[in-house]
Amino acid sequence: MKRLSSMTFDRSRTVRKHIMEMRDIAAKLKSLVVDMFAPFLVHFILNSLPTEYGPFKISYNTHKDKWSNNELLTMCVQEEERLKHEIPESVNLVTRDKRNAKKGKSVPMKKKGIVDKDSCRFCKKNWKNDCLKYKQWLEKKGFSNSKEADGK
């Protein structure tokens, strides 16, 4: 009886398996001369369901007709399918950096092509006019100063 009263649906299995297990425990109790009426077991099962089944429970309580164990099982399976389609699916993408791929480390890749407008592409700190690496690059290309480079 303690096992039946403490059971809750935790999504570790399907709602069908949860209800079937509760019905099996009730059948074992019946063999021990602890008889449960079907409407009592139906309410017991409904109370073991999580809050997502709240509208479903309200729907059952507002109906004049009461369900049998089999009808409850069928309706709960349908409600579980409806809830599955209601929850949006999400996917997480993990990529590996080439340097860390051999080591087995997963690290997010940096986005290529995005450069801060206020920073230098050479040193990532100063303006281009103040950057020594930028000035050396200009000289290698044959420009004596940055004004000539801006004209081309």
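The values are calculated or read from the model by the stated rules, or taken from the named source; none is laboratory data. Computed from a predicted model, the values in this text were never measured in an experiment. Using ideal geometry, Cβ is built from the backbone for each residue, glycine included, and neighbour counts are taken over all protein chains shown.
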Point to revise | Subset tally (residues that are among the hydrophobic types (A, V, I, L, M, F, W, C) and surrounded by 12 or more Cβ atoms within 10 Å (Cβ to Cβ)) for segment 32-42 | key: 4
Review point. Among the residues of segment 43-51, is there at least one that is surrounded by 11 or more Cβ atoms within 10 Å (Cβ to Cβ), farther than 20 Å from Leu83 by Cα and free of Cβ contacts under 8 Å to residues at least 12 places away in the same chain?
Key: yes
**Study point:** Selection count, segment 9-64, where residues are basic (Lys, Arg) and closer than 19 Å to Val77 by Cα
**Key:** 6
Check your understanding: Could you say whether any residue in segment 8-31 is aromatic (Phe, Trp, Tyr) and loosely packed, with under 12 Cβ neighbours inside 10 Å?
Key -> no
Exercise for review: Using the structure shown, decide if Glu71 is among the acidic types (Asp, Glu) and more than 28 Å from the chain's Cα centre (by Cα).
Suggested key: yes
Review point. Considering Ser5, Ser106, which residue is assigned to a helix (DSSP H, G or I), in contact with a helix residue (DSSP H, G or I) (Cβ under 9 Å, 6 or more places away or on another chain), among the polar types (S, T, N, Q) and at pLDDT below 85?
Key: Ser5
